[in-house]
Amino acid sequence: MLLLRRLVHDLVQKVLSELDLSYHFEVEVPPEGFGDFSTNAALVGARHAKCRPMELAEKIAEKLKNEDIFHSVEVAKPGFINFRLSKKAYVDVLRQIIVNEAYPIRKSEPLRIQFEYGSANPTGPFTVGHGRQLVIGDVLSNVFRELGYEVTREMYINDAGRQISLLAKSLWVRYNQLLGSQDLEIPEDGYRGEYLIDIAKKLLEEVGETYKNRWDSETESFFKRYAVENILNNMKEDLCTLDCEFDVYFSEKSLIEDGTVQKVLDILREKGFIYEKDGAVWLRVSQFVEDDDKVLIKNDGSYTYFLTDIAYHFNKYSRGFHKIYDIWGSDHHGHIPRMVAAMRALGIEDGFFNVILHQFVTLKRGEEIVRMSTRAGEFVTLRQLIEEVGKDAVRYFFAMIDPNTHMVFDLELAKARSMDNPVYYVQYAHARICSLFEQAKSKSITFNKNEDLDLLNDPAEFAVIRRLDMFEDALHEVEKTLSPNKLTQYLEALAYDFHSFYTKCLVLDPGNPRLSNARLNLAYATLLVLKKGLSLLRVSAPERM
RNA sequence: GCCCCUGUAGUUCAAUGGAUAGAACGGCGGAUUCCUAAUCCGCAAAUGGAGGUUCGAUUCCUCCCAGGGGCACCA
C-alpha cells in the first residue's frame with residue numbers, strides 16, 4: 001500500500017524499533033518550506049529515550065537518509081524531522097490512482113453500522129435544522145460505506161402519541177373552519193402552521209362535509225391517518241429534492257402494535273428495574289447513571305416517548321447491528337443519560353449506542369434573526385431554503401461546518417452571493433478538468449493513460465499528487481471525528497492545489513505533446529478524486545460551468 | 001442553581017498538544033496576445049479574560065466573563 005504518509009510513518013517506526021523505542025507519533029504535512037512531510041517522533045520520544053529531542057532526531061534521520069523514497073531528510077529545531085520525497089515516490093502514487101480508477105481505499109472490517117437521523121414527528125414540514133441533520137447523516141453514511149462498512153440509513157417516524165392526537169385535532173379544526181365554524185380554535189399546544197390549511201382544503205375536496213362538527217374516535221383515527229400520510233408524503237418529497245435516500249423508515253406505532261414495547265416492559269420488570277409511583281410506571285434510571293428516574297407509563301396509561309424509544313433501540317440491537325449512531329439536535333442531549341441507563345438495564349453493552357449531537361442553525365435575513373417555532377408555524381422550511389439557494393449549496397453548506405458548531409445561515413448572503421459558496425470552487429475545478437479534455441481533442445493532443453508520468457517535475461504538480469494521496473486520510477478523518485467537514489475541507493484543498501497548478505503550468509501545449517500528456521494524467525487523477533468526493537457529498541459534479 | 005455546546009481577522013468558518021494560527025467573503029494592490037478570471041498572486045487583519053500542566057497550549061485542567069441549548073407523567 002502506498003499511501004505516502006503511511007509509508008513514511010512505517011519507515012520511522014522501523015527505525016524506532018531498531019532503537020528499542022515504541023510510542024505514538026505523527027507524520028504530518030508541515031507548513032510551507034519545511035518539506036513534504038514531517039514527524040514529531042523525536043519530540044515525543046525524547047522522554048522515552050532519555051535524551052534531547054535534537055539528538056534523537058539526528059539519530060533517526062541518519063538511519064533514514066538512504067531510503068529511496070526520500071530526496072532529503074533534515075532535522076529542524078526543536079526536533080522535527082522533515083522529509084522531501086523523491087520524484088519516484090510521487091510518480092508511483094499517481095500511477096496507482098490512475099490504475100485503480102480512483103484512490104485505492106483500504107477497506108475497514110465490514111461491521112454493520114446504523115445511522116438514524118432526520119427522525120421527526122410527522123406533524124409539519126422539515127425545518128432548516130432537519131436539513132442540517134439530514135446532510136450530516138447522509139454524508140457520514142456515504143463515507144462509512146466507502147470505507148467498507150455495511151451501513152443502514154434509517155429514519156424513525158414518531159407516528160404515535162400525544163403529538164399525533166394534537167395534529168389530528170388541529171387539522172379537524174382547520175377543516176371545520178373552512179366549513180364556516182369560525183368559533184373553533186386550534187388546541188393550546190396544537191399546530192398552527194399554514195400547511196394544515198392546505199391539507200384541510202384537500203381533505204374537504206375528498207370527503208365533503210362528512211366530518212363537519214363531528215368529533216368521535218372514528219373521526220380522530222381518520223384525521224390522524226390522513227394528516228400523517230399527507231405530511232409524510234411532503235417530507236419524502238423534500239428528501240428526494242435533497243438527495244437523501246433512506247433504507248428504512250421505522251414507525252413508532254409499529255413497536256406498540258407488534259408487542260415490542262410490551263416485551264421490553266416485561267424484561268425490565270422481570271429484572272426489577274421498574275416500579276410504580278403516583279399512578280405511573282418508572283424506570284430506575286438513577287441506578288445506572290447520574291440522572292433522575294423517568295416515567296415510562298403515564299398515570300393516564302399512555303406511553304411516554306422514552307418508553308417507545310427504548311423499545312426502538314431494543315429492536316435495533318435485535319437486528320444485529322454492531323454499532324448505531326443516533327444523530328440528534330443538541331436540545332435532546334438531556335435524553336442521552338437516560339437512554340444509556342435503559343441500554344444497561346437491558347444488558348446491552350456500552351459502545352453499541354452512540355449519539356452524534358449537532359448544534360442549532362440560526363437563520364438570518366440580513367441583520368434580522370429569524371425565530372423559529374414549529375408549533376406556531378413560523379419558520380423557514382427546508383423546502384424554501386432549497387428553493388432559495390439550491391440543493392448543492394444547501395448540502396455543501398451543511399456538510400462544511402462541524403456538527404458541534406453553532407452555525408449562522410444568512411439567507412440573503414447565501415442567495416445574493418451564491419456564486420461565492422465554496423461548492424462552486426470545488427465544482428469549478430471539476431469543470432475545468434473536463435474542459436481540458438475537450439480542448440485536448442481540438443488541439444490534437446492525445447491522452448495516453450499512465451504514460452509520460454516521469455516528465456512531471458514542477459512543485460505545483462507534486463503538490464497536487466501529495467494532496468491526492470491524502471484522500472483516504474480525509475475519509476478516515478471523517479470516520480474518526482464524525483464530521484463531514486473534513487471531506488469538504490479536503491476537496492477545497494485539492495481544488496486549490498489544482499487551480500494553482502493550472503495557473504502555473506500550461507497543460508495543453510501542442511509543441512510538447514509528451515509533457516501535455518503527463519499533465520493530462522495528473523488532471524485525470526484529480527478528476528477521479530474530485531468526482532468521488534463530490535459523489536460522497538451528493539453534490540453534483542458539472543462538466544461545464 | 002445544575003448539566004451540555006460554543007467564544008479565533010470586520011463577517012462566516014478551519015486548525016489528531018507542534019514550527020510562521022489557515023481559508024472564504026468583505027477591504028487594498030496586481031495577473032488573461034495560451035487550456036474557463038466562477039481562477040491565480042500579493043498586502044492589511046484574530047485565539048474573550050486570568051492562572052496551571054510541559055520541550056511546546058487555539059487545543060488539556062481550574063476559575064471568571066459572554067452566547068446557545070437542556071433540566072416534564074412533551075417529543
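With A:Ile69, A:Ile98 as the choices, which residue is hydrophobic (A, V, I, L, M, F, W, C) and open to solvent by less than 10 Å² (accessible area, probe 1.4 Å)? Going through A:Ile69, A:Ile98 in turn, just one is hydrophobic (A, V, I, L, M, F, W, C) and open to solvent by less than 10 Å² (accessible area, probe 1.4 Å): A:Ile98. For A:Leu468, the criteria (1) in contact (Cβ under 8 Å) with a residue 60 or more places away in the chain; (2) surrounded by fewer than 21 Cβ atoms within 10 Å (Cβ to Cβ); (3) more than 9 Å from RNA strand B (Cβ to nearest atom) hold in every case but one, which is (2). For the stretch A:216-238, the candidate set comprises residues that are of a type in the set (Val, Ile, Thr) and surrounded by 17 or more Cβ atoms within 10 Å (Cβ to Cβ); within that set, the residue that is farthest from A:Tyr317 (Cα to Cα) is A:Ile231. With respect to the conditions (1) more than 7 Å from RNA strand B (Cβ to nearest atom); (2) farther than 17 Å from A:Tyr425 by Cβ; (3) open to solvent by 40 Å² or more (accessible area, probe 1.4 Å), A:Lys531 falls short on a single one, namely (2). So which residues in the stretch A:485-509 are more than 6 Å from RNA strand B (Cβ to nearest atom) and of a type in the set (Gly, Ala, Ser)? Passing the criteria: A:Ala493, A:Ala495. Meeting the requirement of 3 or more residues that are under 18 Å from A:Ser535 (Cβ atoms), the helices (runs of 4 or more DSSP H) wholly within the stretch A:377-487 are A:391-399, A:422-442, A:471-481.
From the list A:Gly279, A:Gly334, the one residue that fits, being over 32 Å from the mean Cα position of the chain (by Cα) and without any contact (Cβ under 8 Å) to a residue 24 or more places away in the chain, is A:Gly279.
Screening A:Asn457 on (1) open to solvent by 50 Å² or more (accessible area, probe 1.4 Å); (2) within 9 Å of RNA strand B (Cβ to nearest atom); (3) more than 31 Å from the chain's Cα centre (by Cα) shows it passes everything except condition (2). Looking only at the stretch A:398-416, filter to residues that are open to solvent by 80 Å² or more (accessible area, probe 1.4 Å) and at pLDDT 80 or above; which one of those is farthest from the chain's Cα centre (by Cα)? It comes out as A:Val408. Among the residues of the stretch A:480-497, those identified as touching a Leu at 6+ places or on another chain (Cβ under 8 Å) and within 15 Å of A:Ile465 (Cα to Cα) are A:Leu491, A:Leu494, A:Ala495. Selection of strands (runs of 3 or more DSSP E) fully inside the stretch A:257-357 by the criterion of at least 3 residues being out of contact with any Ser or Thr (no Cβ under 8 Å at 6 or more places or on another chain), open to solvent by less than 60 Å² (accessible area, probe 1.4 Å) and closer than 20 Å to A:Asn158 by Cα returns A:323-329. If you check A:Glu32 against the conditions, is it modelled with pLDDT of 85 or more, within 12 Å of RNA strand B (Cβ to nearest atom) and open to solvent by 80 Å² or more (accessible area, probe 1.4 Å)? Taking the combined requirement at face value, the residue does not satisfy it. Residues of the stretch A:35-66 being within 12 Å of RNA strand B (Cβ to nearest atom), over 21 Å from A:Ala474 (Cβ atoms) and in contact (Cβ under 8 Å) with a residue 40 or more places away in the chain, which ones? Scanning the stretch A:35-66 gives a single hit, A:Ala41.
Checked against (1) among the hydroxyl-bearing types (Ser, Thr, Tyr); (2) assigned to a helix (DSSP H, G or I); (3) free of Cβ contacts under 8 Å to residues at least 60 places away in the same chain, A:Thr210 passes all but a single condition, namely (2). Checking the stated criteria, A:Thr210 turns out to be over 21 Å from A:Ile136 (Cα atoms), β-branched (Val, Ile, Thr) and out of contact with any Leu (no Cβ under 8 Å at 6 or more places or on another chain).
Of all residues in the stretch A:239-248, none satisfies being on the phi > 0 side of the Ramachandran plot and surrounded by fewer than 14 Cβ atoms within 10 Å (Cβ to Cβ).
Residues that are touching a Phe, Trp or Tyr at 6+ places or on another chain (Cβ under 6 Å) and open to solvent by less than 10 Å² (accessible area, probe 1.4 Å) within the stretch A:74-91 comprise A:Phe83, A:Tyr90, listed in sequence order.
Among the numbered conditions (1) surrounded by fewer than 21 Cβ atoms within 10 Å (Cβ to Cβ); (2) within 10 Å of RNA strand B (Cβ to nearest atom); (3) in a helix (DSSP H, G or I), the only one that A:Arg514 does not meet is (2). Which of the residues spanning the stretch A:178-192 are part of a loop (DSSP other than H, G, I, E, B) and either of a type in the set (A, V, I, L, M, F, W, C) or in contact with a strand residue (DSSP E or B) (Cβ under 8 Å, 6 or more places away or on another chain) (or both)? Hits for the stretch A:178-192 are A:Leu179, A:Leu184, A:Ile186.
Scanning the stretch A:335-368 for residues that are more than 24 Å from A:Phe144 (Cα to Cα), out of contact with any strand residue (DSSP E or B) (no Cβ under 8 Å at 6 or more places or on another chain) and modelled with pLDDT of 90 or more returns A:Pro337, A:Arg344, A:Leu346, A:Gly347.
The values are calculated or read from the model by the stated rules, or taken from the named source; none is laboratory data. Just so you know, these numbers come straight off a predicted model, no measurement behind them. Using ideal geometry, Cβ is built from the backbone for each residue, glycine included, and neighbour counts are taken over all protein chains shown. Just the protein is used for accessible areas: all its heavy atoms, side chains included, with ligands, DNA and RNA removed. Shrake-Rupley method; radii C 1.70, N 1.55, O 1.52, S 1.80 Å.
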